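Readers should treat all values here as calculations from the given coordinates under stated rules, not as data from a laboratory. Just so you know, these numbers come straight off a predicted model, no measurement behind them. All Cβ positions, glycine included, derive from the backbone under ideal geometry; neighbour counts span all protein chains shown.
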Amino acid sequence: MIKNNTNAKTKRGTIRKPKRKSKESSPGNAMESVRKTDHGTPSSRTPQPSNQTSAKEVKRLNAIIAKLTGNGGAQPPKRLYFNDLELAARWGMSVKHVRAHRYAGTGPKFTMFGRNVRYRLRDIVAFEKANTFDSTSDRDVQKKLDQ
């Protein structure tokens with residue numbers, strides 16, 4: 001019977017190596033462990049943020065971030081141009097439907113930058129105002145006036 005684990009063979013035929021002791025438990029590394037210790041107290045460490053932050057705290061932090069970033073807490077600037085995908089998301093319809101309106105000439109005015117199609121925000125708002133009705137009969141009257 002073999003008593004030394006270093007020479008014992010496992011089922012796979014390889015030699016098992018003895019487990020290494022940790023560096024802290026060995027007497028030769030006592031000075032290294034003293035040098036590597038944390039000099040701060042547990043209270044001086046920064047607290048970890050909790051997963052549940054109140055809405056009031058979030059607003060307060062966002063206001064601080066806005067002041068530090070230079071926009072003074074103002075609203076982000078409005079978009080001046082929208083592409084097909086963004087306009088479709090605004091109206092809650094498919095991109096294909098927006099493009100069909102453009103091809104038919106029934107949608108809002110658009111601008112082309114090279115091959116890129118963009119819609120100005122003021123044209124989108126004007127189109128939305130022109131197509132706002134109180135009832136379906138108002139829409140029929142508007143169609144007759146346009147003809």
For segment 99-110, give me the residue count where each residue is in contact with a Phe, Trp or Tyr (Cβ under 7 Å, 6 or more places away or on another chain) and part of a helix (DSSP H, G or I). 1
Residue pairs qualifying under the 6 Å Cβ cut-off, at least six apart or on distinct chains, with the first in segment 116-136 being in a strand (DSSP E or B) and the second being surrounded by fewer than 12 Cβ atoms within 10 Å (Cβ to Cβ), are 118/111
Search result, residues across segment 94-111 that are exposed (fewer than 11 other Cβ atoms within 10 Å of the Cβ) and either among the charged types (D, E, K, R) or within 29 Å of the chain's Cα centre (by Cα) (or both): 96
